[in-house]
1. Suppose we keep only residues that are exposed (fewer than 11 other Cβ atoms within 10 Å of the Cβ) and at pLDDT 80 or above within the stretch 22-57. Which one would you say is farthest from residue 105 (Cα to Cα)?
2. Restricting the stretch 7-21 to residues that are under 20 Å from residue 108 (Cβ atoms) and either of a type outside the set (A, V, I, L, M, F, W, C) or modelled with pLDDT of 80 or more (or both), which is farthest from the chain's Cα centre (by Cα)?
Amino acid sequence: MEQTRQGHTAGPWTVGNSDNGRCCVWLAGNTEPHFGMGPDALWIDCNTEENANLVAAAPELLEALDLAEAKLRAMAREFERPYFTDRYGDGPQMRAIADKAAAAIAKARGGV
């Protein structure tokens, strides 16, 4: 199981059903989950397909959010210049969105 520098399991994750019909995700390249697999198995019972899809997308979502937060902060600095502030005033709004992104990133990495 490959882990990223942040400690979570890197994916890619596959969405499907266990042999008892539970919607699960498992690491690509591993076998599908079977009823009674032990706790060290590389799969997660997600209960619903919607949950499974979200879990499967989580590594890519976290990576995209990291990139978006950095770009928003850079853009906010540009929009705080007098020319842009007078015309658009978007710097504070971009910084607020970046702060929400940072909070979600922290939560995903075990922060509050």
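The values are calculated or read from the model by the stated rules, or taken from the named source; none is laboratory data. These figures come from a predicted structure and were not determined experimentally. Glycine also receives a Cβ, built like all others from the backbone with ideal geometry; neighbour counts cover every protein chain displayed.
1. 48
2. If we take residues in the stretch 7-21 being under 20 Å from residue 108 (Cβ atoms) and either of a type outside the set (A, V, I, L, M, F, W, C) or modelled with pLDDT of 80 or more (or both), then 15 is farthest from the chain's Cα centre (by Cα).
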